[in-house]
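Inspection log for the structure reproduced underneath, given as structure tokens.
Just so you know, all these numbers are worked out from the coordinates, no wet-lab data involved. Being a predicted model, the structure only gives us computed values, none of them experimental. Note: ideal-geometry Cβ built from the backbone for every residue, glycine included; neighbour counts use all protein chains shown.
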């Protein structure tokens with residue numbers, strides 16, 4: 001390999017390492033409270049996240065962007081709206097920490113071994129760690145929504161049965177909410193507690209729809225809100241119709257999930273194919289350089 005490329009990798013890697021050392025000594029004692037509250041099992045190398053926090057502070061990075069707000073809305077579905085800004089900040093700090101910690105090692109390794117392949121692979125690993133946190137959030141949101149949609153027909157069925165038996169909607173809602181500890185039931189428990197603590201039922205149901213961010217739950221909350229506002233005597237009929245509809249949707253949902261599972265089996269094959277291409281092409285390109 002051309003020695004000029006090795007010198008470039010060594011120089012750039014050295015700059016990154018010096019910058020990392022600067023951040024380490026400048027900010028290592030400034031974020032102790034935040035670092036101590038991070039779940040180490042969920043976030044790897046969380047004890048070094050002050051590196052990323054320091055980078056945010058040093059360059060005064062703007063967190064109030066459109067993409068940042070979209071990410072915060074997703075985080076709110078998992079951790080709640082109250083803690084969404086905190087976890088968004090932690091995730092950004094983690095991503096910057098991973099990039100600034102792993103990438104310099106790749107440049108130095110490539111320069112030391114005089115082979116750009118090691119640099120490319122290590123930087124790619126750093127990029128994978130950065131995107132891992134975003135992918136994990138997306139996966140967590142998908143798992144929660146899937147669980148909500150799975151339990152939605154059962155919730156409707158239980159609520160319809162209780163209301164049809166003459167129980168007041170508020171009491172029936174609370175009884176169903178505390179009958180399980182799965183995602184939808186927990187969200188309903190929060191709603192029941194909000195109503196118990198003095199929040200209006202309309203606002204509490206609106207918050208439920210916002211937290212779940214699933215169109216079926218928004219429709220469910222809308223039906224309950226209309227019952228409060230208009231005193232609809234047709235609530236039982238509406239719930240029965242929604243229950244039948246939700247069971248049909250669950251069947252279609254299960255069918256789609258089965259089809260997607262088959263498609264996902266192609267992903268490992270494609271990754272192996274891309275890996276083989278990299279192993280073949282990169283050495284050829286590095287020899288040409």
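Plugging the Kirkwood radius over Cα pairs into Stokes-Einstein for the range 1-52, at a temperature of 4 °C and a viscosity of 1.567 mPa s, what D comes out in µm²/s? Spell out each step's value before the answer.
On the way: Rh = 13.0 Å.
It diffuses with D of about 100 µm²/s by this estimate.
Relative to the first principal axis of the alpha-carbon coordinates of the chain, what is the inclination of helix 66-79, with its axis defined by its Cα atoms, in degrees from 0 to 90 and to the nearest 10?
With both axes taken from Cα atoms, the answer is about 60 degrees.
For the pair residue 168 and residue 131, how long in nm is the line joining their label points, each one 7 Å along Cα→Cβ?
5.4 nm
Once you sort the root eigenvalues of the Cα gyration tensor of the range 60-99 as a ≥ b ≥ c, which label holds: rounded (a/c under 1.5), prolate (a/b larger than b/c) or oblate (the other case)?
Working: a/c = 2.11, a/b = 1.41, b/c = 1.50.
Oblate, since a/c reaches 1.5 and b/c is not below a/b.
Would you mind classifying the range 145-252 by shape? Square roots of the alpha carbon gyration tensor eigenvalues, ordered a ≥ b ≥ c; an a/c under 1.5 is rounded, otherwise it is prolate if a/b is larger than b/c and oblate if not. Provide the component values of the computation, followed by the final result.
On the way: a/c = 1.42, a/b = 1.11, b/c = 1.28.
Cα axes put the range 145-252 in the rounded bin.
In the Gaussian network model of the chain, springs joining C-alpha atoms below 10 Å, which of 91, 78, 135 carries the largest mean-square fluctuation?
In this elastic network of the chain, the residue with the biggest mean-square fluctuation among 91, 78, 135 is 135.
Using the per-residue mean of other Cβ atoms lying within 10 Å as a proxy for protection, in what order, highest first, do the peptides 123-130, 67-74 fall?
On the way: 123-130: 16.4, 67-74: 14.4.
Descending mean neighbour count gives 123-130, 67-74.
Most mobile of 131, 59, 19 per a Gaussian network model of the chain (Cα springs, under 10 Å)?
Maximum fluctuation in the GNM of the chain, among the listed residues, is at 59.
Given springs between every Cα pair under 10 Å in a Gaussian network model of the chain, which of 239, 277, 96 has the largest fluctuation?
277
How many nm separate the modelled label positions at residue 197 and residue 81, each set 7 Å beyond the Cα in the direction of the Cβ?
Those two pseudo-labels are separated by 1.3 nm.
Over all distinct Cα pairs, what is the inverse of the mean 1/r for the range 3-114, reported as the Kirkwood hydrodynamic radius in Å?
Working: mean 1/r = 0.0653 Å⁻¹.
Across the range 3-114, the inverse of the average 1/r is 15.3 Å.
Give me the angle, in degrees from 0 to 90, between the Cα long axis of helix 116-164 and the longest principal axis of the Cα atoms of the chain, rounded to the nearest 10.
So the inclination is approximately 0 degrees.
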